[in-house]
Amino acid sequence: MHLFTRICFPFQEIRLQKKDFEVQQLKQELSDKQLLCANLEHRLLVTLEEGKKENNLEEPFQHSEAATEECFQLLSSFDTFTSQSTLAKSEVERHQGKTNNLEALVKHMREAADKRKELEKQHADAIAELQRKQEEHRHHHYANKTEKQAAQEAIQNLE
């Protein structure tokens with residue numbers, strides 16, 4: 001294995017692990033944002049139900065400062081929850097996009113690592129084949145040299 005491969009492989013593994021960790025963090029953040037959205041939507045429904053109950057009262061409701069103030073507070077809360085919900089949903093979408101990008105990157109890095117391993121195996125096989133052929137060549141060369149010497153000795157003996 002080449003020095004460059006031994007050095008690059010751990011760095012690629014570390015980068016892959018970091019990307020996996022980032023994906024996990026983004027998934028956790030996405031889950032948290034989804035819980036926040038669900039909570040805000042639930043609180044909105046509760047507020048709307050309370051408003052319906054107040055509208056269905058049979059006794060006439062006399063407006064007082066306290067009731068008016070409560071209405072303004074509920075409207076303010078509703079607006080706040082709506083804006084928080086919208087913001088959370090946009091963050092969820094943004095994080096989902098990041099998550100998808102990171103997952104694609106991790107997949108690409110794994111494919112590259114698999115391809116590199118395959119190329120290293122092919123390289124090792126090619127080196128082994130080359131060494132085998134070189135040894136075979138040396139053997140044939142030695143055998144030819146030995147045969148030539150034997151033939152020359154036979155000729156000299158005949159002379």
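The values are calculated or read from the model by the stated rules, or taken from the named source; none is laboratory data. In this text the structure is predicted, and so the values were computed from the model without any measurement. Note: ideal-geometry Cβ built from the backbone for every residue, glycine included; neighbour counts use all protein chains shown.
For the condition basic (K, R) and either closer than 30 Å to L44 by Cα or under 18 Å from the mean Cα position of the chain (by Cα) (or both), what is the one hit in K148, K89, K117?
K89 is the lone residue from the list that is basic (K, R) and either closer than 30 Å to L44 by Cα or under 18 Å from the mean Cα position of the chain (by Cα) (or both).
For residues that are β-branched (V, I, T) and under 30 Å from E50 (Cβ atoms), tally how many sit in the stretch 72-114.
Residues meeting the conditions: 4.
Tell me, which residue of the stretch 9-31 that is more than 11 Å from the chain's Cα centre (by Cα) and within 22 Å of E120 (Cα to Cα) is modelled with the lowest pLDDT?
F9
Q156: surrounded by fewer than 10 Cβ atoms within 10 Å (Cβ to Cβ) and part of a helix (DSSP H, G or I), yes or no? Quick ask: steps written out before the conclusion?
Values: surrounded by fewer than 10 Cβ atoms within 10 Å (Cβ to Cβ): yes; part of a helix (DSSP H, G or I): yes.
Taking the combined requirement at face value, the residue satisfies it.
For a quick check of your reading of the model, give me the residue pairs whose first member lies in the stretch 86-113 and is farther than 13 Å from L30 by Cα, whose second is aliphatic (A, V, I, L, M), with beta-carbon atoms closer than 8 Å and at least 6 apart or on different chains.
L102/V23; L102/L26; E103/V23; V106/L16; V106/V23; M109/L16; R110/L16; A113/L16
Can you tell me how many residues in the stretch 58-102 are assigned to a helix (DSSP H, G or I) and modelled with pLDDT under 85?
Final tally of qualifying residues: 7.
Just give me the residues in the stretch 71-102 being loosely packed, with under 13 Cβ neighbours inside 10 Å and among the charged types (D, E, K, R), in sequence order.
D79, E93
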